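Comments concern the structure below.
What follows is calculated from the coordinates using simple rules that are stated; it is not laboratory data. Quick caveat, the model's predicted, so the values are computed rather than measured. Note: ideal-geometry Cβ built from the backbone for every residue, glycine included; neighbour counts use all protein chains shown.
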Amino acid sequence: MRGSVRATLIATMLIGGIRQAQAADSVRHRPEVHATIRAKYEYQPQTGKGRFEIRNARVSIGGRMLPIVDYKAEIDLSDEGAIKMLDAYVRLRPKKGLRFTVGQMRVPFTIDAHRSPHAQYFANRSFIAKQVGSVRDVGAAVSCTFFRRCPLTLEAGIFNGSGLTGQKDFWTGDYNYSFKVQTTVARRLCLVAGYQRADAGDTKVAMYDAGAYYESGRWHVEGEYLRKRYAGGDFPAVNAADAFAAYRLPVGRLFSAVSFLGRYDYMSDHSKGRRDETGALTVDDPERHRLTGGVTLSLGSKRLQADIRLNYERYFYRSDALPAVSERDKAVVEFVCRF
């Protein structure tokens, strides 16, 4: 009788322990859901016209399914008015500092193009991040991080070159690939360099990128340069650069912080790789310089971000250039919500 009671107690304790472990494991591996909404108003003094726009309405789900397996799926319900599938990948972490990623992702390359919308410093992206160096594709990537005091991260990836929507009937023996190296010195200075070979419309391109940013207290200072070369010299090489500084001042009343920002960026004549009826590559983005000044009013926290971005952009073109409708002087008021 005593043995039966003892066995029952032991079984009850074991079952209770297993249930507690399962509950804890369920909480630890519960999916995380995030959303980012960017709503803005832009006014162009040269034309006397303005517009309201939902620039992004992103929703993502991700987390760690197993100790060495995590995942992410992200969709934008309004990427300049279009619905786009962005990230969709599975990532393996067999050991600390080593990651294998398979799926649809942003190609490892550049600094500014890798930032998510809520992490941007300005309402509109730099020319490097928007026109020249922003690439998402389907493929596989590996990342290795070495050293603790001065972390060194090496990344490499191989991709279809089909983009996000041309996967079904796309077969190739000529893949795109990229490399990226990043290191942090004294926990404040980050140095980045990268190379990417990719498809661009009707031609191939090779891109080289180098940049750095410095963070100390309230300051963030950053600079980046990218050179884009077209196969066969079909189009003059593109040079693009940006440099900016941001100073974040905590205030702690209505706003948690106020940031003051200034940026300069440049891009020479740029082609997306489309050929005209003569077979020549067309100029899609004429050479331009731009100065941007801004103030960001932060209301939220790191977990619940709510920012108001106030920017003014001043463009400089050649006298014979034909600027695109949306690439002119403008004042921007943007509301950003991230949770």
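Side notes on the structure shown:
- Local electrostatic count at Y208 - Lys and Arg +1, Asp and Glu -1, tallied over other residues with Cβ under 9 Å: +2
- Using a simple spin-label model with pseudo-atoms 7 Å out from Cα toward Cβ, F146 and N239 lie 3.3 nm apart.
- Sites V251 and E80 - FRET efficiency at Förster radius 25 Å, r taken between beta-carbons, to 0.05: 0.15
- Gain upon complete extension [V102, K272; 0.36 nm per residue less C-alpha separation]: 58.5 nm
- Ranked list, fewest to most other Cβ atoms within 10 Å of each Cβ, for F122, F255: F255, F122
- Residue with peak Gaussian network fluctuation, the chain [Cα springs, cutoff 10 Å], from E287, E32, E277: E277
- For the stretch 32-338, a simple Cβ point-charge model (Lys and Arg +1, Asp and Glu -1, everything else neutral) yields a dipole of about 1460 debye relative to the Cα centre.
- The chain: translational diffusion in µm²/s, Stokes-Einstein, Kirkwood Rh over Cα pairs, 37 °C, 0.692 mPa s: 145 µm²/s
- The GNM of the chain, with springs linking C-alpha atoms under 10 angstrom apart, assigns the highest mean-square fluctuation among D320, D329, D265 to D320.
- Over 25 Å (Cα to Cα) - which of K40/K130; K95/K228; K96/K204; K49/K130 fall in this group: K95/K228; K96/K204
- In a fully extended conformation the segment linking V181 and V221 would gain 12.5 nm over its present Cα-Cα distance, using 0.36 nm per residue.
- Against the main long axis of the alpha-carbon atoms of the chain, helix 2-28 sits at an angle near 10°.
- A simple count of charges around T292, restricted to other residues whose Cβ falls under 11 Å of its Cβ and scoring Lys, Arg +1 and Asp, Glu -1, yields +2.
- The simple Förster model, with R0 at 45 Å and r as the Cβ-Cβ distance, assigns V258 and R229 a FRET efficiency of 0.60.
- Contour minus Cα-Cα distance for A193 and V69 (0.36 nm per residue): 41.8 nm
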